[in-house]
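Nothing in this text is a laboratory measurement; each read-out follows from the coordinates by a stated rule. No experiment lies behind these values; they were computed from the predicted model shown. Positions of Cβ are generated from backbone atoms using ideal geometry, with glycine treated the same way; all protein chains shown enter the neighbour counts.
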Amino acid sequence: MNVCIVGCGYVGSTLATLLLEQGACVFGLRRRVDHLPIGVEPLAIDIFHAEALRRGLPEALDALVFAAAVGRGADQGDYKRLYVDGLRHVIAALEARGQRPRLLFTSSTGVYGQDDHRWVDERSPTEPASFSGRCMVEAERLLSACSLETCAVRFGGIYGPDRTFLLRQVAQGQAKRSDVLHYTNRIHRDDCAAVLSHLLNQRTLAPCYVAVDDQPAPHNDVLCYLAELLGVAAPEVGPRAQRTRGGSKRCNNRLLRESGYQLIYPSYREGYRALVSADVPKTRPSDVD
Ligand SMILES: NC(=O)c1ccc[n+]([C@@H]2O[C@H](COP(=O)([O-])OP(=O)(O)OC[C@H]3O[C@@H](n4cnc5c(N)ncnc54)[C@H](OP(=O)(O)O)[C@@H]3O)[C@@H](O)[C@H]2O)c1
């Protein structure tokens, strides 16, 4: 299988490693290619440059995974440029070259605007209040309107090695519990990569999958569990030290599980326990989780 990972970064590199182990030929596309896993064919291309993409995409692709992300401090223009214009350029480049790989897009549970703790799944309305969520919805529309076989994979908040911001907040006593119930939905990086690999190996795909672990969890519960894991006092109630993204909803991963996927980390408990026992709560300041 020949696979191109556009935005071969945190999740993309883990996916690349999995695919290489399966014997695939993997192309890693990003602007800076110096830190790609060994064995990945580097493609130093900026997806904002439509012509460079058209010239630079490899021949005979079986699949393309769009996993690019905006960097720190991104503004609304950056979101639109990357997820909407960037995806449009990728689709146009494939179509102009007459290539028809299966196209997976890493979307987000930020497409949901629901904020009353309700359960949501692939059939739920997607009317987000946030600009970033609306960009994801627009990107998903582009995806479903194109002539290729496509699939949007809606990830919850991604955590894992080097993405342990919440652990550090709790360890340093900076995290605050809220007096308002707020459900959060997560997925470990290794599950993100394994989900994408699983889907690439499916004979047929649904147009969309919600990709979160089995346990949507109140943010306060997660904070208290992390405190217990770290052996520090439970965070006090107070103004949020960290913004919690999106509305309070519970994302249902039933379709993904019915496709045969088995989570490596079924909840934040297993995922964070593994991170703490591996002693990896070394973080960059703006890591998301
Ligand atoms: N983080 C979360 O909690 C979360 C939640 C839901 C969904 N997602 C989605 O999941 C996907 C994977 O996330 P991630 O954390 O693995 O992303 P990431 O590592 O932060 O970024 C992926 C890569 O995108 C590349 N990129 C950015 N702009 C580019 C451009 N103009 N041209 C080419 N490459 C570009 C970057 O490399 P260069 O800078 O070298 O170009 C980076 O390595 C993303 O689509 C993200 O939106 C993330």
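Points to keep in mind about this one:
- Basic side chains Lys and Arg get +1 at the Cβ, acidic Asp and Glu get -1 at the Cβ, and with that the dipole of segment 38-191 about its Cα centre reaches some 240 debye.
- Residues whose amide H lies under 5 Å from that of Ser107, counting only those 5 or more places away or on a different chain, are Val153, Arg154, Phe155; hydrogens are built 1.01 Å from N in the peptide plane.
- With the simple model of a label 7 Å out from the Cα in the direction of the Cβ, Ala129 to Glu51 spans 4.4 nm.
- Computed label-point distance, nm, for sites Ala278 and Ala234 using a 7 Å Cα→Cβ extension: 2.9 nm
- Within the shell of other residues whose beta carbon sits under 15 angstrom from the beta carbon of Trp119, the net charge comes to +1, with Lys and Arg scored +1 and Asp and Glu -1.
- Shape summary: segment 1-45 maps onto an equivalent ellipsoid whose semi-axes, from the alpha-carbon gyration tensor, are 15, 10, 8 Å in decreasing order.
- Quotient of C-alpha Rg and 2.2 N^0.38 Å, computed over segment 1-110: 1.00
- For the chain, the equivalent ellipsoid derived from the alpha-carbon gyration tensor has semi-axes of 32, 20, 18 Å in decreasing order.
- Length gained when the stretch Asp221-Arg31 is fully extended (0.36 nm per residue, less Cα-Cα span): 64.5 nm
- Normalised by the number of residues in segment 98-190, the average gap of Cα pairs under 8 Å and 6 or more apart makes the relative contact order 33 percent.
- For the chain, the mean residue ellipticity at 222 nm estimated from helices alone is -9500 deg cm²/dmol, where every DSSP H run of n ≥ 4 contributes -39500 (n - 2.57) and the total is divided by all residues, rounded to the nearest 500.
- A Cβ-based charge dipole, computed about the Cα centre of the chain with Lys and Arg at +1 and Asp and Glu at -1, lands at about 360 debye.
- Using a cutoff of 8 angstrom between alpha carbon atoms and counting only pairs six or more residues apart, the relative contact order for the chain works out to 19 percent.
- Around Arg102: net Lys/Arg minus Asp/Glu count, Cβ-Cβ under 12 Å: 0
- Percentage, to the nearest whole number, of Cα pairs in segment 190-265 over 20 Å apart: 48 percent
- Length added when fully stretched, Leu20-Asp78, from 0.36 nm per residue minus Cα-Cα: 17.7 nm
- Over segment 43-179, volume per residue of the alpha carbon convex hull, in Å³: 148 Å³
- A straight line joining the Cα centroids of segment 132-159 and segment 189-241 runs 19 Å.
- Working ranking of peptides 94-102, 40-48 by packing, defined as the average number of other Cβ atoms within 10 Å per residue, highest first, is 40-48, 94-102.
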